[in-house]
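The values are calculated or read from the model by the stated rules, or taken from the named source; none is laboratory data. Please read all numbers here as calculations on a predicted model, not as lab measurements. Positions of Cβ are backbone-derived with ideal geometry, glycine not excepted, and every protein chain shown enters the neighbour counts.
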Protein chains: 2
Amino acid sequence: MLSVEILFILLYECRILFYLRNRRNNHGREIMKGVVKKELIGNEGMVILDTVRRLSRRNAVDNLLRLIKKTHPADLGWVFRHLVPEERKNVFSVIAQTDLVGEFLSEVDLSIMLELVETLTPKFIVAIVKDMASDDAADLLEALPKEVANEIRDLMGKEDREEVDELLQYHPESAGGLMSPDFMALNEELSVGDAINRVQDRSEEMEMVFYLYITHGEEGQLCGVLSLRELLMHPPYRQLKNIMNPKVLAVTTDTDQGEVAHIVSQYNLLAIPVVDSSYKLVGIVTVDDIIDVIREEATEDFLQMAGAGKDKEILLKSTVDNAITRAPWLFASWLGGIITVFIVTSFNRELQQVLALAAFMPVVMGMGGNIATQSSTIVVRGIATGRINMNELAKVIFKEMRVGFLLGGVYGLFLGILTYFGYSATTPNLGLVIGISIMLVMTLAATVGTFVPLVLRRLDVDAAVATGPFVTTTMDILGVSGYFLIAKFLLDL
Amino acid sequence: MLSVEILFILLYECRILFYLRNRRNNHGREIMKGVVKKELIGNEGMVILDTVRRLSRRNAVDNLLRLIKKTHPADLGWVFRHLVPEERKNVFSVIAQTDLVGEFLSEVDLSIMLELVETLTPKFIVAIVKDMASDDAADLLEALPKEVANEIRDLMGKEDREEVDELLQYHPESAGGLMSPDFMALNEELSVGDAINRVQDRSEEMEMVFYLYITHGEEGQLCGVLSLRELLMHPPYRQLKNIMNPKVLAVTTDTDQGEVAHIVSQYNLLAIPVVDSSYKLVGIVTVDDIIDVIREEATEDFLQMAGAGKDKEILLKSTVDNAITRAPWLFASWLGGIITVFIVTSFNRELQQVLALAAFMPVVMGMGGNIATQSSTIVVRGIATGRINMNELAKVIFKEMRVGFLLGGVYGLFLGILTYFGYSATTPNLGLVIGISIMLVMTLAATVGTFVPLVLRRLDVDAAVATGPFVTTTMDILGVSGYFLIAKFLLDL
């Protein structure tokens, strides 16, 4: 029976074939072009998404299964982000029947994972967890409610439980929380030939066999590193300790993930070994996890700079949760706004005499706010990428001050001249007020915008957290005060 | 002779030893802890920096040389960022005498590299370029002024020149511009034993031997992939074509670097092969380059969102260049500011009657501007990380609209009530004006902040480029107009 679903799958496959421009070479083998794999996430992702939706709605389990098995788990993770909860539950019930479920859960966003796992019995979860890499399993248990996690732990085999428990003791944002315990370690006394045999024997589960870590003694203390290729360059009888590179970079389990990312990217590593306090090798952090860390930390910084919390899954949140995350930072600017009401009100007499002062308030404050945002963004990003030397704060601040003065001078001069001609009949000095205000406020704004994140950083506060809302609110208050004081003085009010 | 410089180096080494907590295990071998390597960039970096400065000032070439040889080129790159041009020239003249110069130049920031190379003769540069990896050499030639680059190309050996020329034809932000032509490719007809021999024979220059790419025919068309470890799992007589994985993801030379980064991180790859239009394997892009791309693109997005250009080296620029980069976006808000002057002026009569309206202008505009920044930041980042489905624009926009309405309602209500009590004697309706204005302006701001980047993206404009300044300026104009219209209507002015 040629159902509509099969038609859809056929159509989907044809489109994939077309879009992926899969070509067959003379031997009839496929060459997949990654370029086009990208479209799968864009336009082609939509085809999968639509097909998954349609099949799920019609409850076409077999066809859904066929499609799911063809799709890369990472792409399924993308698809799930765009399904509604009801559809997710439906499709997941199909995935849960396959052995893909562990790998799939590792690729899906955390909040979605929790939502899906909620529907499963602890017994079933245990079966899934068993098939997962132990670092992914630990992440899952970490995210689950405590009682559920404990129930699952009790049902797990002793060995699995111990492995997961060991990982769970570390902070999720430390090297310990990030590492995988599946690595290739070889005792330094082994010969090259033995080592090659070990590499051949180890199961396919290994995260990545590229660096071979060499350990010393029964404790397994890290003492060297060797690439698989270097191993092949030596005769089989030679001992590893004589050919290994003893200068191996490592991090400890409590190293912050940002620092791990920094080291891996600074020295172009593919993986970094993790040791405990006695230098015993306990895991490795691979570069693909580092990429996730770099992405996540950039996203957090972005959101924090805009005062939108730091939850990278904010787009998946409900309207109310989303609003609650963003409310505190808006509260800061609300409070700042009330303060400006009082400031402006205190200049009521001056405002009454020269009403035009009100009209120029937005441009003075806007120019100040914008240059402050520029400065603080440059500084926050400079701190994050290590481009700012924290011992040369004064140099950075003075430079931004000069930039603010220059830009403030130019834009102040131009607007001052325009204002002078516009108001020469009624308030000839207004041009001077506007020009000087813009120049001073912009200089001050560039300085404050630079100063605040640097000082926060010095106080060991995450510069991105407080900079955005704090700087804009501060500048609103300082800007409006400065503006009216200059006006009062120069207009002789 | 124990000069002061030697003392400094000794001191430096002791501190390194101390801070790196280098321990020796029972065999007396050093274990370097990466955790602490980080400090080298922070506090310890300062020690190197100071020592380099001091030695350079005293012209202590030998000691400088000793220090330089001990320092990782990546760390030297950091040090150079913080030297003044005069010091850089001095220290570089020492590095230029060593064979580290090629590696060093690959680690240094582009603008500094140009500054340093300026002092060298083309002949000398050719000698350096010869030792560099050909992708780094191409980057250097790309950055040099055209005449100098051509002069150098003429002096290069035919083979080197051809290799570099081939790389230079690609856009620097494409896979072709990013790739290295040093990779391990093996013909599919080879046996496992032959392949192992090839791996052993290849020089140390290889960028990374982890994936072995399998090619077909004389043309070298990509047809499969094999990891070094998989190679070891098979008997030596077996042919590669029978054991390779024919499903190899690849990109073409013209694939945008952002897409390459997306594929590598989505599918957790360590490298991706690059093919030309006839599927001939021409290079590989390794994951360390991908990390740089991800970092750079995040930095560009950050700067662009704040209207501060997109030059990641902005901190290294002179005050004037820095100001020039930032001027255009401030011009947008300057122009918007002039428009608000006219808008406010057109409501002069209303303002004269209720002067308090001026005092509330900043808070209404500020709340609008801040929620617009939140929304647009969430959306711009969501687009960059692939978390937003471009086919569901309406859904995203409506959700942000609801969030804006909710937050606007709450903050509007509170400020409206406060205002009502503050002005109940003179203008009892003012509370209503403020409450409704904040609610409407914030709803509108969240909508505009979401709409603008999504539409820009649809029009294939980089969402980050124009969003920041455009959204804030637009909201200033819309906010102030809406506010006065509501006031005019509700206060019956």
Q) Which of the residues that make up segment A:343-389 are among the aliphatic types (A, V, I, L, M) and under 18 Å from residue B:467 (Cα atoms)? A) A:367, A:371, A:372, A:378
**Q.** Qualifying positions in segment B:253-289 - more than 7 Å from chain A (Cβ to nearest Cβ), part of a helix (DSSP H, G or I) and either hydroxyl-bearing (Ser, Thr, Tyr) or surrounded by 24 or more Cβ atoms within 10 Å (Cβ to Cβ) (or both)
**A.** B:257, B:260, B:261, B:264
Q: Can you tell me which residue among B:319, B:373 is of a type in the set (Ser, Thr, Tyr) and either buried (at least 23 other Cβ atoms within 10 Å of the Cβ) or under 17 Å from residue A:363 (Cβ atoms) (or both)?
A: B:373
Q. Looking at segment B:146-181, which of the residues that are surrounded by fewer than 19 Cβ atoms within 10 Å (Cβ to Cβ) and outside any helix (DSSP H, G or I) is farthest from the chain's Cα centre (by Cα)?
A. B:157
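Give the residue that is farthest from the other protein chains (Cβ to nearest Cβ), with candidates limited to residues of segment B:341-356 that are β-branched (Val, Ile, Thr) and surrounded by fewer than 24 Cβ atoms within 10 Å (Cβ to Cβ). Lay out the reasoning, then the answer.
Step one: filter segment B:341-356 for residues β-branched (Val, Ile, Thr), giving B:341, B:343-345, B:354.
Filter once more, keeping what is surrounded by fewer than 24 Cβ atoms within 10 Å (Cβ to Cβ): B:341, B:343, B:345, B:354.
Details: B:341: 5, B:343: 8, B:345: 5, B:354: 11 Å.
Taking the candidates together, the pick is B:354.
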Q: Assess whether residue B:366 counts as being crowded, with 21+ Cβ neighbours inside 10 Å and over 30 Å from residue A:210 (Cβ atoms).
A: yes
Q.
I'd like to know if segment B:185-195 contains one or more residues that are within 11 Å of another protein chain (Cβ to nearest Cβ) and among the β-branched types (Val, Ile, Thr).
A. no
Q. Is segment B:173-185 home to any residue that is modelled with pLDDT of 85 or more and out of contact with any strand residue (DSSP E or B) (no Cβ under 9 Å at 6 or more places or on another chain)?
A. yes
Q: Select from segment B:92-134 the residues that are polar (S, T, N, Q) and more than 21 Å from residue B:289 (Cα to Cα) and list them in ascending order.
A: B:93, B:97, B:98, B:119, B:121
**Q.** When residues of segment A:357-371 are limited to those that are within 7 Å of another protein chain (Cβ to nearest Cβ), in contact (Cβ under 8 Å) with a residue 24 or more places away in the chain and more than 18 Å from residue A:336 (Cβ to Cβ), the one farthest from the chain's Cα centre (by Cα)
**A.** A:360
Q: May I ask you to list pairs of residues, at least six apart or on different chains, whose Cβ atoms are under 7 Å apart, with the first in segment A:210-229 being in the same structural domain as residue A:195 (by TED's automatic domain parsing) and the second being aromatic (Phe, Trp, Tyr) and assigned to a strand (DSSP E or B)?
A: A:222/A:213; A:225/A:211; A:225/A:213; A:227/A:211
Q.
Is it the case, given these coordinates, that residue A:229 is crowded, with 17+ Cβ neighbours inside 10 Å, within 36 Å of the chain's Cα centre (by Cα) and at pLDDT below 85?
A. yes
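Could you say which residue among A:454, A:440 is over 27 Å from residue B:363 (Cβ atoms), part of a helix (DSSP H, G or I) and not charged (D, E, K, R)? Don't jump to the end; show me each part of the working.
Numbers: A:440 fails: over 27 Å from residue B:363 (Cβ atoms).
Checking each option against the conditions leaves just A:454.
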Q | segment A:389-442: number of residues that are of a type outside the set (Lys, Arg), within 12 Å of another protein chain (Cβ to nearest Cβ) and under 30 Å from residue B:81 (Cβ atoms) | A | 17
Q | Hits in segment B:237-252 (condition: assigned to a loop (DSSP other than H, G, I, E, B) and modelled with pLDDT of 90 or more) | A | B:237, B:238, B:244
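Hey, could you check segment A:207-250 for residues that are within 22 Å of residue B:196 (Cβ to Cβ) and among the aromatic types (Phe, Trp, Tyr) and say which is farthest from the other protein chains (Cβ to nearest Cβ)?
Restricting to residues being within 22 Å of residue B:196 (Cβ to Cβ) and among the aromatic types (Phe, Trp, Tyr), the top hit is A:237.
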**Q.** Candidates A:470, A:421, A:484 - the one that is without any contact (Cβ under 8 Å) to a residue 60 or more places away in the chain, of a type in the set (Phe, Trp, Tyr) and assigned to a helix (DSSP H, G or I)
**A.** A:421
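Anything in segment A:384-417 that is more than 30 Å from residue A:257 (Cα to Cα) and of a type in the set (Asp, Glu)? List them, or say none.
Within segment A:384-417, the subset more than 30 Å from residue A:257 (Cα to Cα) is A:398-417.
Once the filter is applied, which keeps residues that are more than 30 Å from residue A:257 (Cα to Cα) and of a type in the set (Asp, Glu), segment A:384-417 yields only A:400.
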Q: Please note which helices (runs of 4 or more DSSP H) are completely contained in segment B:53-102 and include at least 2 residues that are within 14 Å of chain A (Cβ to nearest Cβ), crowded, with 20+ Cβ neighbours inside 10 Å and modelled with pLDDT of 85 or more.
A: B:73-81
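Consider segment B:385-413. How many of its residues are surrounded by fewer than 24 Cβ atoms within 10 Å (Cβ to Cβ) and either touching a strand residue (DSSP E or B) at 6+ places or on another chain (Cβ under 9 Å) or of a type in the set (A, V, I, L, M) (or both)? Before you say what the answer is, go through the steps one by one.
As a first pass, look at segment B:385-413 and keep what is surrounded by fewer than 24 Cβ atoms within 10 Å (Cβ to Cβ): B:385-387, B:389-399, B:401-402, B:405-406, B:409-411, B:413.
This time we only want the ones that are either touching a strand residue (DSSP E or B) at 6+ places or on another chain (Cβ under 9 Å) or of a type in the set (A, V, I, L, M) (or both), so: B:390, B:393-394, B:396-397, B:401, B:406, B:410, B:413.
The number of residues fulfilling the criteria is 9.
To keep it simple, each residue is scored yes or no on (1) in contact with a Lys or Arg (Cβ under 7 Å, 6 or more places away or on another chain); (2) modelled with pLDDT of 85 or more.
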position	(1), (2)
B:139	no, no
B:143	no, no
B:152	no, yes
B:163	no, no
B:191	yes, yes
B:203	no, no
(Q) What pairs come out if I take residues in segment B:113-137 that are closer than 23 Å to residue B:85 by Cα and surrounded by 15 or more Cβ atoms within 10 Å (Cβ to Cβ) and pair them with residues that are acidic (Asp, Glu) and at pLDDT 85 or above whose C-beta lies under 8 Å away, six or more apart or interchain? (A) B:122/B:151
(Q) With the requirement that a residue be more than 20 Å from the chain's Cα centre (by Cα) and part of a helix (DSSP H, G or I), what does segment A:103-125 give you? (A) A:103, A:104, A:115, A:116, A:117, A:122, A:123, A:124, A:125
Q | Pair list, Cβ < 6 Å and 6+ apart or interchain, from segment A:293-321 residues that are at the interface with another protein chain (Cβ under 8 Å from one of its Cβ atoms) and touching a residue at least 24 places away in the same chain (Cβ under 8 Å) to residues that are of a type in the set (Phe, Trp, Tyr) and crowded, with 17+ Cβ neighbours inside 10 Å | A | A:307/A:329
Q: Give the residues of segment A:322-335 that are farther than 26 Å from residue A:295 by Cβ, surrounded by 15 or more Cβ atoms within 10 Å (Cβ to Cβ) and more than 7 Å from chain B (Cβ to nearest Cβ), sorted by residue number.
A: A:331, A:332
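Keeping to segment A:434-465, report how many residues are of a type outside the set (S, T, N, Q) and free of Cβ contacts under 8 Å to residues at least 60 places away in the same chain. Full working, then the answer.
From segment A:434-465, those of a type outside the set (S, T, N, Q) are A:434-436, A:438-442, A:444-446, A:448-449, A:451-465; that's our starting set.
Next, from what is left, pick out any that are free of Cβ contacts under 8 Å to residues at least 60 places away in the same chain: A:435-436, A:439-440, A:451, A:455-456, A:459-461.
The total comes to 10.
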